[in-house]
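So the structure is just underneath, and the comments pick up after that.
The values are calculated or read from the model by the stated rules, or taken from the named source; none is laboratory data. Nothing here was measured: the structure is a model prediction, and the numbers come from that model. Backbone-built Cβ (ideal geometry, glycine too); neighbour counts: all protein chains shown. Ligands, DNA and RNA are stripped out before the accessible areas are found, and what is left, the full protein with its side chains, is counted by its heavy atoms. Shrake-Rupley method; radii C 1.70, N 1.55, O 1.52, S 1.80 Å.
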Amino acid sequence: MCGIVGYIGDRNSVPLLVEGLKRLEYRGYDSAGVTVLEDGHLETRKTAGKITALEKLLGNGEAPHGSVGIAHTRWATHGPPNTQNAHPHTDCTGEIAVAHNGIIENAGVLRTKLESLGHRFASETDTEVVAHLIEEAWDGKLEDAVRAALRQVEGAFGLAIMSSRDPGTLVAARKGSPLLIGIGRDGEYYIASDVAAVLAQTRQVVYLDDGEMAVLTRDGYETFKLDGRSVDKEVREIEWDLEAIEKGGFEHFMLKEIVEQPETLRNTMRGRLLDEEGTAKLGGVTISPAELKSIQRIIITGCGTSWHAGLLGGYMLEELARLPAEVEYASEFRYRNPVVDENTLVIAISQSGETADTLAAMREARRRGARVMGIVNVVGSTIARESDFGIYLHAGPEIGVASTKAFTSQVVALALFTLLLGRLRNLSVLQGREIVAALRRLPEQVEQVLGLNDSIREIARTYKSAPNFLYLGRGYNFPTALEGALKLKEISYIHAEGLPAAEMKHGPIALIDENMPVVVIAPNDNVYSKITSNVQEVKARGGRIIAVVTEGNLELDGMVDHLIPIPATIDPLTPVLATVPLQLLAYHVAVMRGCNVDMPRNLAKSVTVE
Ligand code: G6P
């Protein structure tokens with residue numbers, strides 16, 4: 001997501017900071033900025049757009065000069081990606097500057113409080129509250145004011161902070177967002193959110209852990225707990241090359257993004273679950289509870305993987321919020337003559353927020369008077385801007401063309417919305433709490449599923465040469481079957497079909513012989529007993545079966561060729577856990593076939609044409 005670089009030393013910081021930002025470009029961003037201490041005061045230059053735009057701004061004879069500075073590339077979360085919202089952010093006096101990664105969950109409350117104390121805000125970001133909190137807490141020393149400020153902050157942060165009031169100091173603080181210190185030449189120190197930013201200057205780094213901060217001067221650095229207790233940290237020598245680091249040490253972005261899912265799911269849910277009330281709090285759903293209650297029908301639309309998430313959302317909304325929900329490919333919806341009115345809610349789902357068909361479908365729905373809610377990953381994208389209200393995924397940039405982490409976050413976002421609507425309608429607090437508890441367990445359970453990677457790689461080895469695959473599922477896991485098949489065809493070019501398991505007997509069963517691998521998604525849900533009979537049908541015809549089952553269920557052992565056990569959860573969330581092994585299976589098959597996993601032939605990450 002966003003990137004942070006900080007420098008203190010004896011050279012001009014600007015070129016070093018810009019160089020560091022460039023090394024973080026691969027992470028995706030939408031605006032960039034630097035703040036430098038020049039002749040005793042802070043100078044900030046920032047702009048929407050790419051680092052080249054920032055360089056242009058700096059190149060126009062306007063480059064500040066100074067040997068202490070911080071810089072940032074922003075990937076918007078709170079407020080659109082414009083120049084005002086770009087980091088660094090300053091306090092009212094312009095003497096304290098902050099670059100931040102993460103999300104301050106109680107930013108709204110803090111902002112109101114600070115405004116009532118007379119603070120004036122220049123941006124819509126959550127970050128800016130930190131600068132004003134430090135201003136408010138100022139007592140002569142930057143590190144003390146930061147400590148006092150952070151005591152009030154809830155949420156996740158990686159922070160680089162400087163002040164002209166304490167000119168020889170940089171402060172770094174971390175909770176939930178990665179941050180490290182780079183040890184440069186004599187008297188030079190760096191802050192970075194990612195080692196790639198400092199690698200050209202140093203290979204010696206100190207990784208901060210959650211709840212830690214560091215104070216950097218030209219004489220050295222000290223590390224502390226946020227409460228002020230001093231901690232000793234090990235200096236590490238980085239051995240990776242730059243390319244490996246960009247992918248977090250993974251061979252491909254897709255694998256990195258699969259493995260990130262425990263974290264991205266946490267980010268999608270952060271600050272949004274209300275355990276006691278058994279519901280969700282969604283800041284972007286800005287319509288009133290009464291208006292939400294007036295919704296009588298839901299249409300969900302999207303393309304590709306987003307449409308699969310939509311199918312799951314449709315099932316959830318119908319079962320748990322008791323609302324009629326239809327799910328339609330955006331490319332089909334836009335050319336129908338759909339019946340919608342002001343009591344219809346159209347949900348447009350899109351990772352990129354730029355998919356042409358989805359955008360056209362939502363525009364058509366709006367023209368006819370429906371309200372449109374966007375479920376989007378890229379903040380400030382067209383679909384996000386044109387929706388009446390929405391939910392951001394906060395999954396971070398997805399670079400692999402085949403969508404992975406965005407899908408699981410979309411499903412969770414839909415679960416959150418279902419919870420919210422359901423609790424306004426018919427779900428009891430106890431049912432709500434059960435869903436909240438299951439959501440909370442999900443990231444750890446995904447982590448457990450990722451532990452199956454080695455055994456899934458072996459399954460991939462067995463079937464990597466198969467020309468066809470079938471994926472079968474029922475109920476909530478019919479969309480899982482579609483998604484599993486789509487992943488395989490996208491990146492391995494193997495023909496694969498996802499089917500509702502019972503439909504097999506109406507045709508596709510003719511395809512089954514000993515050369516046909518069949519992936520069956522059969523967790524212990526309310527259709528489990530039904531799907532076991534479909535497994536028998538495949539077995540009887542010699543098909544090779546890979547079954548995703550709930551751990552501890554050995555009933556299918558012996559009947560199927562491979563078991564992939566996933567942890568137990570509530571039915572609507574089984575697709576999240578079941579999809580992860582299917583992503584890994586597709587990934588390993590594609591790698592073994594020598595395919596370009598991150599950029600498969602003929603596909604684009606964002607399809608902005610019809
Ligand atoms: C393209 C991508 C898919 C994606 C689909 C929808 O086809 O290759 O991975 O699912 O577009 O994209 P969106 O950004 O709207 O989710």
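Miscellaneous remarks
- The chain: angle of helix 429-450 to the longest principal axis, Cα-based, in degrees nearest 10: 80
- Average projection area in nm² (convex hull over Cα atoms of the stretch 282-352, one quarter of hull surface): 5.2
- Protein heavy-atom accessible surface, 1.4 Å probe, per residue over the chain: 37 Å².
- Put simply, when 421-432, 406-417 are sorted by average Cβ atoms within 10 angstrom per residue, most first, you get 406-417, 421-432.
- From the alpha carbon centroid of the stretch 366-441 to that of the stretch 458-503 is 25 Å.
- Around the Cα centre of the chain, unit charges on the Cβ atoms of Lys, Arg, Asp and Glu (plus for the first two, minus for the last two) sum to a dipole of about 1320 debye.
- The angle between the Cα long axis of helix 528-540 and the main principal axis of the chain comes to about 60°, on a 0 to 90 degree scale.
- Inverse of mean 1/r across different Cα pairs in the stretch 134-242, Kirkwood, Å: 14.2
- Nearest 10 degrees, 0 to 90: helix 128-137 Cα axis against the chain principal axis: 40
- Fraction of antiparallel bridges per DSSP, the chain only, in percent to nearest 5: 60
- For a straight C-alpha distance cut-off of 17 angstrom, the lysines reachable from Lys464 (same-chain residues fewer than eight places away being disregarded) are Lys487, Lys489.
- 39 Å tail of the calculated P(r), the chain, as % of Cα pairs: 33
- Among the listed pairs Lys22/Lys256; Lys530/Lys605; Lys56/Lys247, those beyond 30 Å (Cα-Cα): Lys530/Lys605
- In the stretch 2-238, the convex hull through the Cα atoms has an average projected area of 11.1 nm², a quarter of its surface area.
- Within the accessible area of the stretch 237-315 (1.4 Å probe), percent carbon and sulfur: 52
- Percent breakdown of C-alpha pair distances by 5 Å bin, ordered from the shortest bin, for the stretch 221-307: 3, 8, 8, 10, 13, 15, 13, 9, 7, 6, 4, 2
- Each peptide in 346-356, 328-338, 14-24 was scored by the mean count of other Cβ atoms within 10 Å over its residues; highest first, the order is 346-356, 14-24, 328-338.
- Summary value for the chain: 11 percent relative contact order, contacts being C-alpha pairs under 8 angstrom separated by 6+ residues.
- Computed log₁₀ I(q)/I(0) - Debye formula, equal Cα scatterers, no solvent, the stretch 255-447, q 0.08, 0.09, 0.15 Å⁻¹: -0.23, -0.29, -0.83
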